[in-house]
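Step one of this worksheet: look at the structure below.
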Amino acid sequence: MMNRNDLRRADINLLVVFETMMHEQNVSRVGEKLFLGQPAVSAALGRLRHLFDDPLFIRTGRVMEPTSRAQEIFSNLTPALDSIAAALGKCQTFDPTTSEATFHIGLSDDVEYALLPTLLRRLRVDAPNIRLVVRRADQWQLPQLLASGEISLGISHALQLPANARSKHLRSICPMLLRADSQAGALTLEEFCRRPHAVVSSMGNVIENADRALHSLGRQRKVVLAVPQFSALPMLLEGSSMIAIVPEYVAQAMSGSGGLRAEAVPVVLPQQELSMVWRGAAHSDSGERWLRSRCSALLGAQPEELARQNMSSCIVAAAA
């Protein structure tokens, strides 16, 4: 058992390298995550082996497999590092006008496309020297990125989250229909089913809420294209009869540049929630609190958006 004097031999930087190696199990990837060269990572591992008197990681092919001693250390180390980060965060003040902090955030593709530009413009005014490192984080990737500490904040439709994560509702994800043709009037349910559909899915899925809703009515649609990101849609829909269902804020961003128009979907669809989630260890950090407050203020639904969503829901219900 180490006493307080023994802690002088420990280096928090080494412990961060150890935790990252437990997640990545690859020296090169650890270097990329921590912005360190491979020799620096190897040197840190050498010091860690001396500190704990254990090999810690055994090379197996391209993987550095942790020893049982490393697994034991890791189970105790992660909550300890979380506590240290929280304690340091409480002691430090954050001034956005002068801070040069780096924030690691995860965004789903729809948020990155439609909402990140607004957020970034505001942050460049309020905190001109901070740096954002953005990771793509859909509802399946988000829990792992939070648990590993690769991001401290995520904005997405959230499913299961790590036990120590916290969350806040930002806005409803109201589905809208996007089209590029010049036909007058809104599409009827019959036309909606007959038209070719494009879907956006990071996992390549083509079965969505729309298909389940149509199935309950004894109908189906024809999906002819699935793409992994929203940025491809405007060019793909242009000059075609294809239609797509997208979140209201994506539809607003795409239709604002001309060529595309948005309307209510002619079938009742469930509304999902866009949530902001963050690591429990970052809850009290003054910089992270500031970033969360800006995200909440800038990305949360505004009164006029709430009114527009309610109107859309009424139109959809009437159409059904």
task: Filter segment 47-68 for residues that are at pLDDT below 90 and among the small types (Gly, Ala, Ser) and give the result.
output: GLY61
field: Hits in segment 61-87 (condition: of a type in the set (S, T, N, Q) and open to solvent by 70 Å² or more (accessible area, probe 1.4 Å))
entry: SER68, GLN71, SER75, ASN76, SER83
statement: When segment 167-195 is checked residue by residue, the ones that are part of a loop (DSSP other than H, G, I, E, B) and under 21 Å from the mean Cα position of the chain (by Cα) are CYS174
- prompt: Of these, SER99, SER148, SER152, SER156, which one is open to solvent by less than 30 Å² (accessible area, probe 1.4 Å), in contact (Cβ under 8 Å) with a residue 60 or more places away in the chain and either at positive phi or under 9 Å from the mean Cα position of the chain (by Cα) (or both)?
  reply: SER156
- prompt: Of the residues that make up segment 230-244, is at least one within 30 Å of CYS295 (Cα to Cα) and assigned to a loop (DSSP other than H, G, I, E, B)?
  reply: no
message: Suppose we filter PRO228, PRO234, PRO270 for residues that are buried (at least 16 other Cβ atoms within 10 Å of the Cβ), out of contact with any strand residue (DSSP E or B) (no Cβ under 6 Å at 6 or more places or on another chain) and either at pLDDT 95 or above or not aromatic (Phe, Trp, Tyr) (or both); which single one remains?
response: PRO234
statement: Across segment 196-218, the tally of residues that are touching a residue at least 40 places away in the same chain (Cβ under 8 Å), part of a loop (DSSP other than H, G, I, E, B) and in contact with an Asp or Glu (Cβ under 9 Å, 6 or more places away or on another chain) stands at 2
- request: Mind listing just one residue for me: the one in segment 43-59 that is of a type in the set (Gly, Ala, Ser) and surrounded by 14 or more Cβ atoms within 10 Å (Cβ to Cβ) and, of those, nearest to the chain's Cα centre (by Cα)?
  value: ALA44
- request: For segment 39-71, enumerate the residues that are outside any strand (DSSP E or B) and among the polar types (S, T, N, Q).
  value: SER42, THR67, SER68, GLN71
- request: Return the total of residues in segment 273-304 being more than 17 Å from ILE105 (Cβ to Cβ) and either touching a strand residue (DSSP E or B) at 6+ places or on another chain (Cβ under 8 Å) or not polar (S, T, N, Q) (or both).
  value: 4
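The values are calculated or read from the model by the stated rules, or taken from the named source; none is laboratory data. From a predicted model like this one, the values you see are computed outputs, not experimental measurements. Ideal geometry is used to build each Cβ from the backbone, glycine not excepted, and the neighbour counts take in all protein chains shown. Remember, those area values only see protein heavy atoms, side chains included, never the ligands or the DNA or RNA. Shrake-Rupley method; radii C 1.70, N 1.55, O 1.52, S 1.80 Å.
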